[in-house]
Amino acid sequence: MLNIFKHAHFLPDAFGHGGNKRTAQIDYLLSAAGIEVKQAELTNTIASGCKLSFYLSGLLHSTNLRTDNKTKYAIGRYKAIFDRFVQQYRPDIFIWESTIDYHLLLADVLYKHHIPVIALPHNLESLVAGNKSVFSAKSSPQWMSEELDHLKLCKKVYTISREEHWLLSNHGMNVAYLPYYPAPPAEKFLLEIRQKRSGKKNEPRKAERKILLLGTFHNRPTITGYNELLRHIQTIKGIHIDIAGFGSEMLNDKWPAKNIRVWGSVDNDTLARLIVNADSAVVHQQPSSGALTRIPELLIAGLPVIANIHAARSCDVSTGIMIYDGHDELRTVLSSGNFTTPAVLNRPTEEHAFSNYIKTLIKEF
């Protein structure tokens, strides 16, 4: 039996934050396809060598980068940890989600040992505003070439967004698109919400429309985007704004208006009630990479989604999402109250293509 290992920074949780959800989707696809995968325990692997050997290894690795001595040591130490893992467990195939910081060095070590790597970056870190390279200390997007140099070592890269697929393809990589779709427990939960919303269709229209802002507010582009959004829509007459999600409680004191309620992190029952009672969700984000998991989830739940062009990246307008380019356009849409229930999203065919590729790769051994 082949030794297929996988490493991710997040635990699989279909009801967690975006990273947890993406990992849950990938784990589900592998399990459903009957592909047995072992989790790589890299944090417990002890590096072989001394501080000097780590430093020299890092020095040789980073000859083209301006790195300080501490960084050179860290590079050498991480490479030694990953080398030790390969020697101890001898993986045949490696499925790699943790494409961030020093874990980018995994690609170098696995490539050196001729181990095929299937990468599934949750986003391109070098395109997230404020992110700095751990190697050169450059700010985004100036270190994009560093990140791409590691991804180029992979046998295949699966992106969560169409835009990243296009970008990596233009850099000569073997790339495929694997959109996010919730794992079955979350899918079932969302479809139940849709059914409850469907039962409210014949109720009289209320004078006050409920708008839901939902997201992971520890994510910098998300909280920046929503603060910008609230400045422009808080004064629209006839709307009530509910704000919920991981970290949203940090907005409690910033937006005290009577028509704004900050729920903070909520349990599934409360989340379900908020979605059932909402007339629409508004998703606003600053330019970033990756793709937002909450948009397909809200569409599956039957809630109309209004999103700005940055949040709606990779979204197909045929799914029922409404896309706006400026705040005046958004105010017009919200004031109109013309929201249409989106069609049900089916599991994407790209999921089958992903599973089949792994199976084909296994047959080559």
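No value in this document is a laboratory result; all are computed from the given coordinates. Everything numeric in this text was worked out from a predicted model, so none of it was measured. Positions of Cβ are generated from backbone atoms using ideal geometry, with glycine treated the same way; all protein chains shown enter the neighbour counts.
Odds and ends about this structure:
- Between I95, T270, N64, the Cα set farthest toward the positive side of the dipole of the chain (charges on each charged residue's Cβ, about the Cα centre) is that of T270.
- Calculated FRET value between N356 and H171, using beta carbons and R₀ = 35 Å, to 0.05: 0.90
- Max mean-square fluctuation residue, GNM over the chain, Cα-Cα springs under 10 Å, options R313, R66, R194: R66
- Amide H contacts under 5 Å for V283, placed H, 5+ residues apart: I306, A307, N308
- For Q195 and N64, the difference between the fully extended length at 0.36 nm per residue and the C-alpha to C-alpha distance is 41.4 nm.
- Estimated dipole of the chain in Debye, rounded to 20 [Cβ of Lys and Arg +1, of Asp and Glu -1, Cα centre]: 280 debye
- When only alpha carbons are used to place a centre, the range 9-75 and the range 305-365 end up 29 Å from one another.
- Cα gyration tensor category, rounded, prolate or oblate, for the range 198-271 with a/c compared to 1.5: oblate
- Rounded to the nearest 20, the Cβ-based charge dipole of the range 184-336 about its Cα centre (Lys and Arg +1, Asp and Glu -1) stands at 420 debye.
- Estimated FRET transfer efficiency when R0 is 30 angstrom, pair D316-H9 (beta carbons, to 0.05): 0.55
- Dipole of the range 326-365 [Lys/Arg +1, Asp/Glu -1 at C-beta], most positive-end residue of S355, L345, G326: S355
- C-alpha center-to-center spacing [the range 184-211, the range 119-168] in angstrom: 37 Å
- In terms of the mean number of neighbouring beta-carbon atoms within 10 Å, the peptides 31-40, 245-254, 73-82 order highest first as 73-82, 245-254, 31-40.
- Three-way shape label, the chain, alpha-carbon gyration tensor, a/c 1.5: prolate
- Shape summary of the range 1-97, radius of gyration then Dmax from alpha carbon positions: 16.6, 46 Å.
- Here the simple spin-label model places points 7 Å from the Cα toward Cβ, and for D328 and S265 these points are separated by 4.2 nm.
- Extension gain (nm, one decimal) between Q87 and D101, 0.36 nm per residue minus Cα-Cα: 2.8 nm
- One decimal place: the segment A33-Y111 gains 25.5 nm when fully extended, by the rule 0.36 nm per residue minus the C-alpha distance.
- Counted charge near G225, where neighbours are those whose Cβ lies closer than 15 Å (Asp, Glu -1; Lys, Arg +1): +3
- Placing unit charges on the Cβ atoms of the charged side chains and taking the dipole of the range 184-336 about its Cα centre, the candidate lying farthest along the positive direction among A186, G245, I211 is I211.
- Legend: translational diffusion of the range 144-228 by Stokes-Einstein, Rh = Kirkwood radius over C-alpha pairs, 10 °C, 1.306 mPa s; D = 92 µm²/s.
- Computed from the alpha carbon positions, the gyration tensor of the range 228-362 leads to an equivalent ellipsoid with semi-axes of 30, 18, 15 Å, biggest first.
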